[in-house]
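Engineer: I'd like to ask you about the structure that follows.
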Amino acid sequence: CISHTERWRALRNRAAGRLAGLGALPAPDGVVSVAVRQPGPPKLLAVAAELGAPEDAAWLMRVTPGSVVRRNALLLFPPGAREPDLVVKFSRLPGESGHFDREERGLALAARAGGSVAAHAPRHLGRAEARGHELSLESAAAGTELSVLLRLPGSRRRKLAVLDSIAGWLVAVARETAAPPPALQPELDRLAREVLPLWTDHGVDPAIAAELPPVPASLQHNDVAEENLIVGGNGFTAVDWEWVEPRGIPLADVVYFGCRALRLLDGALAEEQ
C-alpha cells in the first residue's frame, strides 16, 4: 500500500485503486502477467485445501519485500467477501522451513496462553509441503498495517487511541503470563552471554542484566513492529510470532513498540529523523 501524509494524495490513491479494481485504468509499466496451461487454482491452494482451505475461495498474492528467504502469502477471500479470512504462507525457495517451524511454535505458545494473548493472535491451522516449498494455513488478519495507518492523514488523537489500545494489550499480556522471577534467569544469562557484549562499545554496562532487581518473567512477542500489527474494524491483530520468548523481559515489548510507533506518530518517517 502506498501511503501519503497529504490528504489529497491519499484520496487520489484511494480513487485510483477503485478505478483499477473496475478495470478503468491501464496496466502500469512493469506488470508481470502469469499464465497457466490448465485452468484451476494454484498448486499451493490445492495442497492448502487438504488443510481445510475452501477450494472456491478467491485469492490475492502478497509479495513480501526483502530477502529471497522470506515468505510470500496468498490471501483467501470467501465468495463475495471484501476481506480475507485465511492466509496461505509459502516459502520462495524449496527447503526453507525455519520461518515455519518458529512461527508454528510461537502461535502454539499464544494459543496455550489463551486470554489476551490468543485474542490478538492468528490461529495456526496446519502445515504442508508443495513440491519442496513449505506452506502453512492461518487465520487472516484483515485490516490496515499500523505502519500505513500512522502515515495516512488523520486525527492524531485517533491514532494515539489505537497505539494506547495496543500498549494496553501488551501490558495485559505481561500481567497474564507473569512467572516468578527465577523463571527469567535463563533469558538474563542469554542476554549477558550473547547480546550485551555487542553493545559495550556503545556505552552499555555489560553487568546490566545481572544487576536487574527480581522481576517476573513474561511472554514476549519480540517483534511488535508497526508492520506486524494489523488494525481493522474489530480491533487489531499481531502477526509474525516467530520470535516469541515465553519467559522474556517484562514490558520489553511495550518499549520496543513505543520507540517504533511513536516516532511515526510524530512524523519521523525515515530512520534518519
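The values are calculated or read from the model by the stated rules, or taken from the named source; none is laboratory data. Just so we're clear, the structure is a prediction, and the values are computed from it rather than from any experiment. Here the Cβ is made from the backbone with ideal geometry for all residues, glycine too, and neighbour counts use every protein chain on show. Accessible surface is based on the protein model in full, side chains and every heavy atom, while ligands, DNA and RNA are left aside. Shrake-Rupley method; radii C 1.70, N 1.55, O 1.52, S 1.80 Å.
Engineer: When ligands, DNA and RNA are left out and all protein chains stay put, how many square angstrom of accessible area per residue does the range 25-81 have with a 1.4 Å probe?
Structural biologist: Per residue, the range 25-81 has 74 Å² of solvent-accessible surface.
Engineer: Something else: What is the set of long-range amide H partners of L219 at a cut-off below 5 Å, with H atoms built 1.01 Å from backbone N?
Structural biologist: Residues meeting the criterion, in which the H sits 1.01 Å from N, are T177, G248.
Engineer: Give, rounded to the nearest 20 debye, the magnitude of the charge dipole that the chain has about its Cα centre when Lys and Arg contribute +1 at Cβ and Asp and Glu contribute -1 at Cβ.
Structural biologist: In total the dipole reaches around 1060 debye.
Engineer: Expressed as a whole percent, how much of the Cα-Cα distance distribution for the range 136-217 exceeds 18 Å? Write down the numbers at each step before the final one.
Structural biologist: Details: 2197 of 3321 pairs.
Summing the P(r) tail past 18 Å for the range 136-217 gives 66 percent.
Engineer: Using +1 at the Cβ of each Lys and Arg and -1 at the Cβ of each Asp and Glu in the chain, identify which of I208, G168, L76 lies farthest towards the dipole's positive end.
Structural biologist: It is L76, whose Cα lies furthest towards the positive end.
Engineer: Now a separate question. So for the range 166-255, averaging the separation of alpha carbon pairs under 8 Å that are six or more residues apart and normalising by length, what relative contact order in percent results?
Structural biologist: Working: 119 pairs, mean separation 33.4, N = 90.
Dividing the mean separation by the residue count of the range 166-255 yields 37 percent.
Engineer: Which Cα, out of H120, Q185, N222, lies furthest along the positive dipole direction of the chain (beta carbon charges, K/R +1, D/E -1)?
Structural biologist: Of the candidates, H120 comes out farthest on the positive side.
Engineer: On a 0 to 90° scale, report how tilted helix 156-176 is relative to the longest principal axis of the chain, with both axes built from alpha carbons and the result rounded to the nearest 10.
Structural biologist: 60
Engineer: In a shell of Cβ-Cβ distance under 15 Å around R105, excluding R105 itself, what net charge do Lys and Arg (+1) and Asp and Glu (-1) give? Don't jump to the answer; show the numbers that get you there.
Structural biologist: On the way: positive: K89, R102, R112, R123, R127, R247; negative: D101, E103, E104, E134, E138, D223, D240, E242, E245.
Taking every other residue near R105 into account, the sum is -3.
Engineer: Which three extents, in whole angstrom, do the alpha-carbon atoms of the range 50-173 cover along their principal axes, largest first?
Structural biologist: Cα extents, longest axis first: 49, 32, 31 Å.
Engineer: While we're here: Give the angle, between 0 and 90 degrees and rounded to the nearest 10, that separates the Cα long axis of helix 98-113 from the longest principal axis of the Cα atoms of the chain.
Structural biologist: That helix lies at roughly 70 degrees to the long axis.
Engineer: Using a 1.4 angstrom probe, figure out how much accessible area the range 146-204 has per residue, in square angstrom, rounded to the nearest whole.
Structural biologist: Working: 3520 Å² over 59 residues.
On a per-residue basis, the range 146-204 sits at 60 Å².
Engineer: Considering the alpha-carbon set of the range 115-273 alone, what are its Rg and its Dmax in angstrom?
Structural biologist: Over the range 115-273's Cα set, Rg and Dmax evaluate to 17.8, 51 Å.
Engineer: Quick one: helix 252-265 against the long Cα principal axis of the chain, what's the angle to the nearest 10°, folded into 0 to 90?
Structural biologist: 50
Engineer: Mind listing the long-range amide H neighbours of T144? Cut-off is under 5 Å, sequence gap 5 or more, other chains count too, H placed in the peptide plane at 1.01 Å from N.
Structural biologist: V231, G232
Engineer: Do you know the relative contact order of the chain, to the nearest whole percent, from alpha carbon pairs under 8 angstrom that are 6+ apart? Numbers along the way, then the final one.
Structural biologist: Details: 417 pairs, mean separation 48.6, N = 273.
Reported relative contact order: 18 percent.
Engineer: Let me ask something additional. Quick check: at a probe of 1.4 Å, how many percent of the accessible area of the chain sits on carbon and sulfur atoms?
Structural biologist: On the way: 9060 of 16180 Å².
Of the solvent-accessible surface of the chain, carbon and sulfur hold 56 percent.
Engineer: With the alpha-carbon atoms as the only input, what is the per residue convex hull volume for the range 218-273 in Å³? Each step should come with its number before you reach the end.
Structural biologist: Values: hull volume 5.5 nm³, N = 56.
Value for the range 218-273: 97 Å³ per residue.
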